Amino acid sequence: MGASVLPGPAQKPCTEAVSSETGPKLLPFTLSELFQVRRESNDVGSTCVDAQVQQERRLKRVSAKDSMNVGDRIFLPITVQEFPFEKQDCHCNEEEANFVRSLVLYKDPAIVVVNKPPGMPVQGGIGIKQSLDGLAATCLTYNYSETPRLVHRLDRDSSGILVMGRTQTSAAVLHSIFREKTFGAKDDVDNEVRILERRYWALVIGSPRRQKGLISVPLGKVVVDNGKSDRITIVDNAQNMSAQHALTKYQVIKSSCYGYTWLELSPLTGRKHQLRVHCAEVLGTPIVGDLKYGWQAHKKLKHLPWPSLERESHENVTKGKTIPFGLDLQSGSISEKHPRLHLHCKQMVLPNVSMALQNVQFSSDYHLSQVESLELVAPLPSYMQRSWDIL
């Protein structure tokens with residue numbers, strides 16, 4: 001079954017989506033382009049309505065879990081090209097290139113893993129000069145003919161483990177791992193075997209009522225500021241078309257008498273701002289530095305003093321140091337007036353994709369659950385470590 005790509009109101013055809021015995025044709029989509037793909041269902045509409053109006057009504061956003069019906073048409077954004085294209089290299093000097101390479105936590109023939117610094121966007125866009133996606137293409141190819149590919153995201157202000165595929169094949173496998181994590185998640189987490197686990201550390205304001213638990217609350221997007229921006233919120237009616245299933249396991253690491261709590265958060269689905277909204281709106285404990293979802297709690301926030309001896313020692317160590325790309329990796333702890341977002345992907349367990357790709361050559365029914373796992377750990381950024389030390 002195939003789907004021809006035809007011109008639409010906001011899209012332009014660039015290729016034809018075809019299926020064959022060798023499998024579906026892969027296009028070089030970026031993550032932002034994937035969100036712009038639309039499907040026109042082959043339902044028979046009224047002939048009394050203008051054809052253009054019917055088409056706009058039938059166009060719906062496509063997700064990875066959707067199946068195609070005979071006669072359905074796919075509309076792609078005009079930025080998609082039929083054949084792979086060369087990414088524009090981000091020109092780096094030696095100091096910048098060394099900094100990017102210093103972020104690497106692990107690499108093998110299939111993947112490269114970095115500890116994303118806070119403040120650096122994962123992907124380029126309007127007003128973004130440097131992103132990890134572009135920098136990886138310049139600094140992290142390591143003599144490969146292909147550039148690393150993004151397979152998941154981290155918010156710009158968060159930090160921690162970011163996995164990229166080094167080849168198109170390994171990126172496709174990683175995509176399936178992260179996609180299965182979201183669409184295969186169930187409330188019965190105790191009896192479920194998961195091939196992907198992510199553990200975040202977050203410093204929150206207040207303390208949850210229970211020491212640990214499972215948050216199962218659907219999320220949806222709402223438009224605010226007269227359409228100028230949007231935010232994610234909990235959706236009371238799970239049948240709402242915009243609702244997305246969202247699961248998060250949490251447990252308290254350590255509480256403080258100063259009104260702060262360290263939490264370990266394990267997202268079982270991968271929704272936008274999932275951890276931030278679940279902490280703020282479900283647990284009632286917004287993450288420190290998250291003004292988007294916890295600005296009211298920050299108005300009452302008390303900033304803890306930092307012992308003068310430690311402050312002087314820190315200032316002496318960091319004095320004169322400059323970080324490439326204008327990044328500030330030091331300031332932002334709870335001792336300062338404007339703390340930064342305290343959300344860090346600290347640990348990840350996932351299948352050894354490189355080993356899996358080797359084994360699948362010898363067995364066609366090989367499954368990822370059969371391969372040994374990789375355990376990745378990323379140290380906290382300096383300001384979060386300082387908040388930990390202060391508490």
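Computed values, structure above
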{"item": "Filtered residues of segment 152-180 (kept if outside any loop (DSSP other than H, G, I, E, B) and of a type in the set (S, T, N, Q))", "result": "Ser159, Gln168, Thr169, Ser170, Ser176"}
{"item": "Options Leu150, Leu76: the member that is closer than 25 Å to Asp328 by Cβ and either of a type outside the set (Phe, Trp, Tyr) or modelled with pLDDT under 95 (or both)", "result": "Leu150"}
{"item": "Yes/no for Pro305 being at pLDDT 75 or above and under 30 Å from Cys92 (Cα atoms)", "result": "no"}
{"item": "Close pairs from segment 251-265: first within 14 Å of Leu275 (Cα to Cα), partner among the acidic types (Asp, Glu) and open to solvent by 20 Å² or more (accessible area, probe 1.4 Å), Cβ under 8 Å, at least 6 apart", "result": "Gln251/Glu264"}
{"item": "Single residue of Val235, Val193 found to be at pLDDT below 95 and either in the same structural domain as Gln358 (by the TED database) or surrounded by fewer than 15 Cβ atoms within 10 Å (Cβ to Cβ) (or both)", "result": "Val193"}
{"item": "Every residue from segment 132-159 that is open to solvent by 10 Å² or more (accessible area, probe 1.4 Å) and of a type in the set (S, T, N, Q)", "result": "Thr138, Thr141, Asn143, Ser145, Thr147"}
{"item": "Hey, Thr233 farther than 30 Å from Asp389 by Cβ and not in a loop (DSSP other than H, G, I, E, B) or not", "result": "yes"}
{"item": "Flag for Asp89 being part of a loop (DSSP other than H, G, I, E, B), among the acidic types (Asp, Glu) and modelled with pLDDT under 95", "result": "yes"}
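The values are calculated or read from the model by the stated rules, or taken from the named source; none is laboratory data. On a predicted model such as this, the values are computed, not experimentally measured, just so you know. Don't worry about glycine lacking a Cβ; one is built from the backbone with ideal geometry, like all the others, and counts go over all protein chains shown. Just the protein is used for accessible areas: all its heavy atoms, side chains included, with ligands, DNA and RNA removed. Shrake-Rupley method; radii C 1.70, N 1.55, O 1.52, S 1.80 Å.
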